[in-house]
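Okay, structure first, notes after.
Please treat every number below as a calculation from the coordinates, not as lab data. Nothing here was measured: the structure is a model prediction, and the numbers come from that model. Virtual Cβ from ideal backbone geometry, glycine too; neighbours counted across all protein chains shown.
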Amino acid sequence: MSTAEVPNLQLLTTVADDGPQDQTGRLWDVPVPLNGPVIAPPPFPVDVFPGWLADMVTGVAQFTQTDPAMAGTLAVAVLSACAGGRLEVEPVAGWREPVNVFAAVIAGPGERKSPVHRAMTRPLFAAQSTLGEAMRPRIAEAAALKDIAERQAEQAKTAAAKTSDPDQRVDASDAAVAAALAAEAVTVPNLPRLIVDDATPEALIGLMAANGGRMAIISDEGGIFDTVAGRYSGAPNLDPYLKGHAGQPMSNERQTREGVSVDKPALTVCVMAQPSVLRKFGGNAELAGRGLPARFLFALPRSLAGYRGVEMAPIPEAVASAYAANIHDLAVTLAEWEDPAVVVFTPEATRVRLEAATAVEAQLRPSGDLYEFREWGNKLTGATLRLAGLLHVAHHPSEAWRRPIAADQMASAVRLAEFFVAHYRVALTAISSDSAIETARYVLDVLTTKNMTVFTKRELHRRVSRQLPKAEQVGAVLDELTALGWVRRTPDARYEIHPRAAEASGSVDALTADIVSDVSAGRSPIQSVNRAR
């Protein structure tokens, strides 16, 4: 990547040429970037969705004053909850790829994750209620039949036990066994479930077994990461997630006396978590060693805090209604299927797929962009096919299973995959970031935003006392920033900040302001981001 592609790095490399000086004429050296230059990941390509879904993602972003990447990634997860386990794509004969996905939206506290989550998942809960109401009469009937059969079995067993005639006892025993088997054969179905907020790995297997192998965990909190890491059991049980993503058979003999098995699971996961949870999840050696983080598509929405409108118009009723109807009907229709539909690709889509797969393979080489995270990159071609299937469903919600995937949807899937590649790269930086560097970045941001060009240690401590309550903590950060060249001591025992620090950290805030300006004016919040690309 050239310095022209990295504005902050280019800015820093000109410092030595300009030779900025302080009031005493001392020259500044080029500071060491804090964990590398900060590069905002690209915007979510909302136009890959059809109008009814793109309008909803944009409407939610405008109403909640959030980056469309948040609602857009949830839209992908909602489509996965509808179609996962009920549709597969077949790029070539003998290779079928499921369309369920794992995703994680990483945003700090107060970034309005819950309102976005509610808006995007509401139709799934409505579909779940519809399926439940339709199932209640069948549940009641089956429960009554089972109760009758169990009573008859108990009576037959009592009669056999009381029979004294040896000849009659054999017949009575046979009748009792037959009655018991008949009672055992009556199955009472459970209320259908499409989505849950959290579940232990053992309970998750039971949920999938009771719902045709499918389940979606879509949560506005990061607790599921703790569950995966063994919060309840002490040792991670990753099988429901690894096999649920791949569609491999799994079982759990410990949950019930008979055990529970799922022949073809299809698990959807979408977690909205804070950066600290991401670092804990991504830094878990056991989870990483078994490849669980490599199965996730990460999105890191831009924070609009400080620039948000305070009273925004609600999502247009027509937009919300169209979204609710399409997701509800899609979820209800596909939930009743027992076998997945198989969707193939048009010849034109196949050419797009082959070009994309060839490019991915080249990027996995030691000199390629994906080499540094090839565990994730090795799954990129399959993930792109899954995204193509989900976009195909979105564009044809009433008949996707009756038509092949077109080149436009395949090309859109490639663009969407490129978005997730860029965000995964940034997520890796967040996972591996050093806490001392993060603290130094925070303090430098306070200095620049508060225009503290010359300051004392006490003055800085007052500004950051909530995060750094002890004076020695502030001193340690100042020592770090001094060693990296961002601040230095003055002859009168104060500190001064590098003259280019504010410029280097201001580009993202300016872009954020442009985004909110567009949103407040009723324009798509994507416009300003696209202008900056």
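Ranking request for peptides 46-59, 370-383: highest mean number of other beta-carbon atoms within 10 Å first, then the rest in descending order.
So the peptides 46-59, 370-383, ranked by packing, come out 46-59, 370-383.
For the range 263-324 and the range 103-136, what is the centre-to-centre distance using only Cα atoms, to the nearest Å?
Comparing the Cα centres of the range 263-324 and the range 103-136, I get a distance of 12 Å.
Hey, which of these cross-link pairs are over 25 Å Cα-Cα: Lys280/Lys379; Lys113/Lys280; Lys113/Lys379? Before the final figure, lay out the partial values.
Working: Lys280/Lys379 22 Å; Lys113/Lys280 19 Å; Lys113/Lys379 27 Å.
From Lys280/Lys379; Lys113/Lys280; Lys113/Lys379, over 25 Å: Lys113/Lys379.
Quick one: give the max-minus-min coordinate of the C-alpha atoms of the range 82-163 along each principal axis, largest first, in Å.
Each principal axis gives a Cα extent; for the range 82-163 these are 71, 45, 24 Å.
Can you tell me which aspartates and glutamates have their Cα less than 20 Å from the Cα of Lys157? Leave out same-chain residues fewer than eight positions away.
Candidates past the 8-residue exclusion: Asp147, Asp165, Asp167, Asp171, Asp174, Glu184.
I want to verify the translational diffusion coefficient of the range 134-185 in µm²/s; compute it with Stokes-Einstein, Rh as the Kirkwood radius over Cα pairs, at 20 °C and 1.002 mPa s.
Details: Rh = 11.8 Å.
D, rounded to a whole number, is 182 µm²/s.
Of the peptides 416-429, 133-146, 211-224, how do they stack up when ordered by the mean number of other Cβ atoms within 10 Å, highest first? Show your work: numbers first, answer last.
Numbers: 416-429: 20.4, 133-146: 12.9, 211-224: 22.4.
Taking the mean over residues of other Cβ atoms within 10 Å, the ranking is 211-224, 416-429, 133-146.
Treating only the Cβ of Lys, Arg, Asp and Glu as charged (+1, +1, -1, -1), what charge dipole size does the range 134-185 show about its Cα centre? Round to the nearest 20 debye. Please list the in-between numbers first.
Details: 7 positive and 9 negative charges, 59 e Å.
Here the range 134-185 has a charge dipole of around 280 debye.
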